[in-house]
1. Pull out all pairs, ordered by first then second residue, where Cβ-Cβ is under 8 Å, the residues are six or more apart or on different chains, the first lies in region 12-28 and is without any contact (Cβ under 8 Å) to a residue 60 or more places away in the chain, and the second is more than 8 Å from the ligand (Cβ to nearest atom) and basic (Lys, Arg).
2. Can you pull out the residues in region 27-68 that are touching a helix residue (DSSP H, G or I) at 6+ places or on another chain (Cβ under 7 Å), within 25 Å of ARG3 (Cβ to Cβ) and within 9 Å of the ligand (Cβ to nearest atom)?
3. Only one of (1) more than 10 Å from the ligand (Cβ to nearest atom); (2) out of contact with any Cys (no Cβ under 8 Å at 6 or more places or on another chain) fails for SER23. Which number is that?
4. Name the residue, out of ILE25, ILE63, that is more than 8 Å from the chain's Cα centre (by Cα) and of a type in the set (A, V, I, L, M).
5. Residues to consider are ARG15, ARG9, ARG3; find the one that is of a type in the set (D, E, K, R) and within 8 Å of the ligand (Cβ to nearest atom).
6. So, in region 47-64, how many residues would count as being surrounded by fewer than 16 Cβ atoms within 10 Å (Cβ to Cβ) and touching an Asp or Glu at 6+ places or on another chain (Cβ under 9 Å)?
7. Here are some residues: ILE10, ILE25, ILE44. Which one is out of contact with any strand residue (DSSP E or B) (no Cβ under 9 Å at 6 or more places or on another chain) and buried (at least 18 other Cβ atoms within 10 Å of the Cβ)?
8. Which members of region 28-41 meet the condition of being surrounded by 15 or more Cβ atoms within 10 Å (Cβ to Cβ) and in a loop (DSSP other than H, G, I, E, B)?
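Readers should treat all values here as calculations from the given coordinates under stated rules, not as data from a laboratory. Bear in mind the structure is a predicted one, so any value in this text is a computation, not a measurement. Glycine also receives a Cβ, built like all others from the backbone with ideal geometry; neighbour counts cover every protein chain displayed.
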Amino acid sequence: MYRNNVIMRIIVSNRCVGCGACSTISPEVFEISGNSAIANQTKISGHEESCIDAALNCPVNAIKIDEY
Ligand code: SF4
């Protein structure tokens with residue numbers, strides 16, 4: 001589990017330009033649909049590190065990560 005008892009949730013904002021970087025970095029979680037990315041929340045567990053990488057590499061800073 002990603003850190004102890006921490007669950008990650010990802011929000012892709014409408015700033016997304018559909019470049020595909022996130023789905024290349026974390027293909028298990030991110031998918032491009034039309035001109036923007038979708039994050040599959042049910043696939044995040046076990047792929048948290050690549051989600052953080054995707055967020056850091058998004059050219060328009062469209063990926064927001066919440067933890068709870
Ligand atoms: S990396 Fe950012 S801009 Fe590119 S598809 Fe993913 S969320 Fe959209």
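1. Cβ pairs passing all conditions: VAL12/LYS64; SER13/LYS64; GLU28/LYS43.
2. PHE30, ALA37, ALA54, ASN57, CYS58, ILE63
3. Against the list (1) more than 10 Å from the ligand (Cβ to nearest atom); (2) out of contact with any Cys (no Cβ under 8 Å at 6 or more places or on another chain), SER23 comes up short only on (1).
4. Details: ILE63 fails: more than 8 Å from the chain's Cα centre (by Cα).
Matching residue, one of ILE25, ILE63: ILE25.
5. Numbers: ARG9 fails: within 8 Å of the ligand (Cβ to nearest atom); ARG3 fails: within 8 Å of the ligand (Cβ to nearest atom).
Within the list ARG15, ARG9, ARG3, the selection yields ARG15.
6. Looking only at that region, the number is 0.
7. Values: ILE10 fails: out of contact with any strand residue (DSSP E or B) (no Cβ under 9 Å at 6 or more places or on another chain); ILE44 fails: out of contact with any strand residue (DSSP E or B) (no Cβ under 9 Å at 6 or more places or on another chain).
Matching residue, one of ILE10, ILE25, ILE44: ILE25.
8. VAL29
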